[in-house]
Amino acid sequence: MTNDDDIRLMRDVLDERLVRPLDQGDVEIVRRELGRFPRGMVAVGARCPCGNPLAVITRPLVDGRTPFPTTCYLTSPEAVKAVSRLEAAGRMAEYTRQVQEDSGLRSAYERAHRLYLAFRHALAVRLGDSEDHIEGISAGGMPVRVKCLHALVGQSLVMGRGVNPIGDAVLDEIAGEFAPNICRCSIRRDEIGNPAGESGKGKVV
Ligand SMILES: [Zn+2]
């Protein structure tokens, strides 16, 4: 399974993402991005240059009872829209075929699966969450199929380039509409303010 270096790498990535405590301004922006309250949100996994969350880290067991495998959750409406367009065009089948035909790509994709599990395991240990119902299950169809491009892009944004080859390829494809280093956000942070002041700092919602 996962080798020790990968486990250490993912623990380090998680620690970096958890440095900045969750604040209510972030929660409010994600609520607007998703159109619903972000249950189980633990931290922002990636940010736009403007500060808006692009993807969030969600705990493995939401509300103490709902197993949630999609630990890296894409929230940027601009990214979601661009990725949805590729999905509507049926790109998952093409990517799945590439994974099956290209052995180098396949092993990189299998590694992305293992890294996803290692990252979530580090988070589960940190929070004391059970992984019983999602053990061995990553996201997006990994390790052998490509089913949800949103989940794979979420991983690429949270863990950085070079972890998920399909998430990276999708980011390349949508670069004209969405790129993590170029702000095209329709939701403006300065219009939201910080509704709950500092009171929500460090809390998991
Ligand atoms: Zn932005």
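Screening GLN100 on (1) touching a residue at least 40 places away in the same chain (Cβ under 8 Å); (2) part of a helix (DSSP H, G or I); (3) within 16 Å of the ligand (Cβ to nearest atom) shows it passes everything except condition (3). Condition check: open to solvent by 60 Å² or more (accessible area, probe 1.4 Å), away from the ligand (no atom under 16 Å from the Cβ) and outside any loop (DSSP other than H, G, I, E, B). Does LEU14 satisfy that? No.
Just give me the residues in region 49-58 being out of contact with any Phe, Trp or Tyr (no Cβ under 7 Å at 6 or more places or on another chain) and within 15 Å of the ligand (Cβ to nearest atom), in sequence order.
PRO49, CYS50, GLY51, ASN52, PRO53, LEU54
Within region 21-48, the set of residues being open to solvent by 50 Å² or more (accessible area, probe 1.4 Å), within 14 Å of the ligand (Cβ to nearest atom) and either hydrophobic (A, V, I, L, M, F, W, C) or farther than 14 Å from ILE187 by Cβ (or both) is empty.
When GLU135 is tested against (1) outside any helix (DSSP H, G or I); (2) surrounded by 14 or more Cβ atoms within 10 Å (Cβ to Cβ); (3) acidic (Asp, Glu); (4) touching a residue at least 60 places away in the same chain (Cβ under 8 Å), just one condition goes unmet, and that condition is (4). VAL204 passes every criterion in (1) at pLDDT below 95; (2) more than 16 Å from the ligand (Cβ to nearest atom); (3) hydrophobic (A, V, I, L, M, F, W, C); (4) over 18 Å from the mean Cα position of the chain (by Cα) apart from (4).
The values are calculated or read from the model by the stated rules, or taken from the named source; none is laboratory data. Since the structure is predicted, the reported quantities are computational estimates derived from the model, not experimental observations. Neighbour counts are summed over all protein chains in view; Cβ atoms, including those assigned to glycine, are modelled from backbone coordinates with ideal geometry. The area values use the complete protein model at the heavy-atom level, side chains included, leaving out ligands, DNA and RNA. Shrake-Rupley method; radii C 1.70, N 1.55, O 1.52, S 1.80 Å.
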